[in-house]
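Below: the structure, in C-alpha cells.
Coordinate-derived values only; no laboratory data. Please read all numbers here as calculations on a predicted model, not as lab measurements. Every residue, glycine among them, receives a Cβ derived from its backbone with ideal geometry; neighbour counts consider all protein chains shown.
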C-alpha cells in the first residue's frame with residue numbers, strides 16, 4: 001500500500017504494463033525512452049521486491065483456525081462440508097529453454113512450466129508452487145511439491161475430524177478437492193471414474209465438481225487480470241517463476257482489499273442456475 005500510494009514512475013508503469021497487459025518490452029522501452037534490457041531488468045527486479053514483501057502477508061500457509069473458516073465458506077457458498085480447498089495445476093507458456101529437449105513440452109503442444117496451487121472458497125490462493133516441467137502430469141507434480149508432500153504425509157495444520165452435518169455422529173477428515181489426475185487420499189477427494197454412475201456417486205461428483213470449479217475460476221480471474229500469463233513469457237524458467245508468483249500475490253492482495261468488486265465482478269466467475277446448469281464466466 002505504501003508503494004502503490006506513490007506517484008507513477010517509469011518503474012511502476014513499466015511493471016504494470018508488462019504484468020497487467022503483457023505489453024512487449026520493445027513498446028514499453030519506446031514509451032519511456034529506455035533500452036529493452038533496462039526494461040527487462042526493471043520488471044524482474046520490481047517483481048522480486050513484490051514477491052519478497054507480499055508473500056509472507058498474502059500467501060502464507062493457513063493456520064488451523066483459518067482452515068476452519070475456509071471450510072465454513074465452502075459449506076456456505078458451495079454446499080460441501082469439511083472442504084478446506086481446491087487444487088489444480090495450470091500450464092504457463094514459456095520460451096523453450098536451451099538444451100532442455102522435451103522436458104518442458106506439454107500435452108497441449110507448447111513449452112511450459114506448471115503452476116500448482118490451491119485456493120479458498122472465495123478465489124484467493126492459499127498455496128502455490130511453480131517450476132515443474134510442463135511434460136509432467138498434474139498428479140505427479142503435486143506429489144513433488146512441498147505442499148503436496150505435507151498434505152500426503154498429514155503434516156498440514158488441518159482442523160480435527162468433524163461430522164459432515166449436524167445430525168451425524170460420525171467424524172470425517174477435512175479434505176481438499178481435485179480432479180481425476182490426483183491421488184485419492186484421506187485428505188484429498190477426487191471424483192468417481194466412469195460415465196454411467198449410480199445416483200449417489202453422480203451426486204457426489206456433482207458436489208465435488210462445484211467445489212473444484214473454484215480453483216478453475218481462480219486461475220481464470222488471475223489470467224484475465226494479469227494478461228502476461230496468457231502470453232509466452234520470454235524469461236528463463238527461474239525468472240518466469242518470479243513473474244508468475246508475483247502475479248499471484250498481487251491477485252491475492254487485490255482480492256482481499258477490493259471491496260467494490262471491480263477486480264472480480266460476477267461476470268468473471270461461473271454461476272449455477274436453479275436447474276443446475278452451469279453458466280460460464
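Laid out as a table, the results:
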item	result
Among 242-250, 121-129, 81-89, the order from most to least packed when residues are scored by Cβ within 10 Å on average	81-89, 242-250, 121-129
Using alpha-carbon coordinates, inclination of helix 36-58 to the longest axis of the chain, degrees	30
Cα-based convex hull volume of region 18-134 per residue, rounded to whole Å³	152
Label-point separation in nm, residue 32 to residue 100, each point 7 Å along Cα→Cβ	2.6
Theoretical ellipticity at 222 nm over the chain - DSSP helices of four or more residues, -39500 (n - 2.57) apiece, nearest 500	-14000 deg cm²/dmol
Tilt relative to the chain, helix 237-257 - C-alpha long axis, 0 to 90 degrees, to 10	70
Estimated distance in nm for a label pair at residue 256 and residue 230, the labels positioned 7 Å out from Cα along Cα-to-Cβ	2.7
Whole-Å distance, taken between Cα centres, linking region 113-152 and region 15-78	17
The chain: relative contact order in percent, alpha carbon pairs under 8 Å with at least 6 residues between	22
Mean shadow area of the chain, taken as a quarter of the surface of its Cα convex hull (nm²)	17.0
Cα-based helix-to-principal-axis angle, 64-78 vs the chain, degrees rounded to 10	80
In nm, spacing of pseudo-spin labels at residue 161 and residue 271 (7 Å Cα→C-beta vector)	4.0
Value of D in µm² per second that Stokes-Einstein yields for region 47-206, Kirkwood Rh from Cα pairs, at 4 °C (1.567 mPa s)	75
Highest-MSF residue in the chain out of 107, 74, 133 [GNM, Cα springs under 10 Å]	107
Whole-number D in µm² s⁻¹ for region 151-281, Kirkwood Cα-pair radius fed into Stokes-Einstein, 10 °C, 1.306 mPa s	89
Peptides ranked, highest mean first, by Cβ atoms within 10 Å: ranges 171-181, 110-120	110-120, 171-181
